[in-house]
Amino acid sequence: MEYILMFIAAVFVNNVVLAQFLGICPFLGVSKKMDTAVGMGLAVVFVLTVATVFTYLMQKFLLDPLGLGFMQTVSYILVIAALVQLVEIILKKASPALHQALGVFLPLISTNCCILGVAILVIQKEFNLLQSIVYAVSTAIGFALALVIFAGIREQLEMTRIPNGMKGIPIALITAGLLAMAFMGFSGIV
Amino acid sequence: MNKLKVLTNGIIKENPIFVLLLGMCPTLGTTTSAENGLGMGLATAFVLVCSNAVISLVKGYIPDQVRIPALIIIIASLATVVQLFMNAFLPGLYASLGLFIPLIAVNCIVMARGESFAAKNKLLPSILDGLGTGLGFTLALTSLGIVREFLGTGRTFNFPLYAEDLGSLIFVLAPGAFIALGYMIAIVNRFQKA
């Protein structure tokens with residue numbers, strides 16, 4: 001039950017993009033087409049889960065025992081960047097189809113701040129390993145959900161007439177604001 | 001003249017938020033008040049100046065293949081410096097900015113200026129470029145913070161200007177951040193084209 005609540009809270013109530021403002025760049029950048037949004041969403045689910053497990057284990061078995069807590073940011077970034085490379089190489093060998101689908105999005109992910117953000121958050125919130133994994137997966141699903149919904153709206157926006165100054169990013173931001181308002185309706189259910 | 005141009009370029013012509021649209025996460029996440037926006041802007045500006053300086057100093061010694069990882073490590077170390085410093089001397093601000101301080105390490109602007117400017121230029125122009133971009137970023141965050149704080153709570157820098165009940169709280173919450181920034185960029189666009 002605890003995990004179900006955590007899942008709902010992370011996907012809807014504290015949505016990573018719309019309530020916590022992590023990962024805005026890919027949210028605005030790759031949401032013009034539905035296909036790319038789905039690809040990016042899947043890639044984030046995959047990388048975020050793996051990265052959180054690795055950084056969690058590194059924190060507990062390497063940084064904490066050695067008293068190197070201040071190296072958190074530096075070491076996490078290195079692990080995430082290395083991991084993304086590794087995942088790309090493994091995927092290329094093991095599952096070319098999946099690699100084809102996620103291909104271009106993988107390198108972009110290492111600078112996605114929701115990966116580093118979640119990795120640091122699970123340590124700050126003092127979750128155990130299982131909680132961290134559930135939190136990471138549900139946060140990533142929340143990201144994917146927001147991205148896909150937003151891409152759907154933007155595809156429709158393409159066909160409407162918009163005042164000149166509002167074209168592009170401004171209208172996208174205001175749409176995101178309305179979407180965030182809709183997600184605020186979920187607050188209070190957990 | 002040329003040096004002045006480098007400095008003002010980042011503030012107005014290539015303002016990171018309003019024109020280049022880089023580094024959106026801290027922009028939206030930390031501007032609940034003018035004070036927070038200013039604090040975050042200055043923290044990022046400090047990292048930008050230092051990272052540009054370090055990168056331009058070591059650019060000749062780093063092999064091309066490991067340029068990006070080296071950049072990442074330099075920036076992450078500086079973000080850690082800011083994090084520790086703020087935690088020690090400005091605990092209040094640190095608590096309200098929270099997660100976004102370590103996240104300076106993955107801020108696109110810092111990376112973009114290091115890669116596109118500091119890696120190709122000498123020390124002094126790089127510092128000026130970092131300073132200009134940092135000030136532009138601070139300007140954008142502070143003005144967004146002022147707008148949100150004013151509309152949301154009726155205050156500016158904690159100074160009450162009208163009754164708090166009349167403010168619409170939505171501007172301090174998440175949706176207000178998107179909407180306020182959207183309209184501000186629209187206004188900037190309008191003036192640029194005119």
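The values are calculated or read from the model by the stated rules, or taken from the named source; none is laboratory data. Only a predicted model underlies this, so the values are computations on that prediction, with no experimental measurement involved. Please note: Cβ atoms are built from the backbone with ideal geometry, for glycine as well, and neighbour counts cover all protein chains shown. Surface areas here come from the heavy atoms of the whole protein model, side chains and all, with no ligands, DNA or RNA. Shrake-Rupley method; radii C 1.70, N 1.55, O 1.52, S 1.80 Å.
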Taking each full run of DSSP H in chain B as one helix, which ones are at least 20 Å long along their axis (Cα atoms) and have mean Kyte-Doolittle hydropathy of at least 1.6?
B:67-89
Given a 1.4 angstrom probe, I'd like the percentage of the accessible area of segment A:63-187 that is carbon and sulfur, rounded to a whole number.
67
Per residue in segment A:150-173, which ones lose no less than 40 Å² of accessible surface when going from chain alone to all protein chains (1.4 Å probe)?
A:Gly165, A:Ile169, A:Pro170, A:Leu173
Among B:17-27, A:130-140, how do they line up by average Cβ neighbours within 10 Å per residue, starting with the highest?
B:17-27, A:130-140
Within 10 Å of the Cβ of an average residue in A:117-129, the count of other chain Cβ atoms is 1
Work out which residues of segment B:151-185 lose at minimum 30 square angstrom of accessible surface when the other protein chains are put back, relative to the chain isolated, with a 1.4 angstrom probe, and list them by number.
B:Ile170, B:Ala174, B:Pro175, B:Phe178, B:Ile179, B:Gly182, B:Tyr183
Taking only the C-alpha atoms, wrap a convex hull around segment B:1-112 and report its volume per residue in Å³ as a whole number.
119
With the crude spin-label approximation of a point 7 Å out along Cα→Cβ, what separation in nm comes out for A:Ile4 versus A:Gln131?
2.0
Could you pull out every whole DSSP H run in chain A that spans at least 20 Å of Cα extent along its own axis and averages 0.0 or higher on the Kyte-Doolittle scale?
A:34-58, A:72-94, A:129-157, A:169-184
Output for segment A:83-176: GluC sites (Glu not before Pro) sitting in coil per DSSP, at most 14 other Cβ within 10 Å, listed by number, reads A:Glu126, A:Glu158
Going from most exposed to least, what order do A:Ser31, B:Ser168, B:Ser33 have by accessible area with a 1.4 Å probe?
B:Ser168, B:Ser33, A:Ser31
The percentage of Cα-Cα pairs in segment A:33-190 separated by more than 20 Å is 59
Using only alpha-carbon positions, what ratio does the radius of gyration of segment B:3-193 give when scaled by 2.2 N^0.38 Å?
1.06
Residues of segment A:23-50 that bury at least 50 Å² of accessible area, probe 1.4 Å, when all protein chains are present rather than the chain alone, are A:Ile24, A:Cys25
Quote the relative contact order of chain A in percent (integer), defining contacts as alpha-carbon pairs under 8 Å separated by 6+ residues.
46
Evaluate peptide B:67-78: per residue, the Cβ atoms of other protein chains within 10 Å of its Cβ; return the mean as an integer.
3
A/B buried area, accessible surface, summed, 1.4 Å probe, Å²
2900
Cβ neighbours within 10 Å from other chains - mean over A:73-84:
4
Please give the per residue accessible area of the protein assembly as shown, computed with a probe of 1.4 Å over protein heavy atoms only, in Å².
46
Given an 8 Å cut-off on Cα distances and at least 6 residues of separation, report the relative contact order of segment B:3-193 as a percent.
36
Roughly how much of B:Phe89 is accessible, in Å² to the nearest 10, using a 1.4 Å probe?
140
For segment B:3-193, with all protein chains present and a 1.4 Å probe, just round the carbon and sulfur fraction of the accessible area to a whole percent.
72
A:Leu98 versus B:Leu161, label points 7 Å from Cα toward the beta carbon: distance in nm?
5.3
Calculated Rg and Dmax of the protein assembly as shown using C-alpha coordinates, Å:
20.5, 65
Given the candidates A:Phe183, B:Leu20, A:Leu48, the one whose Cα lies deepest towards the positive end of the charge dipole of the protein assembly as shown, counting +1 at each Lys or Arg C-beta and -1 at each Asp or Glu C-beta, is B:Leu20
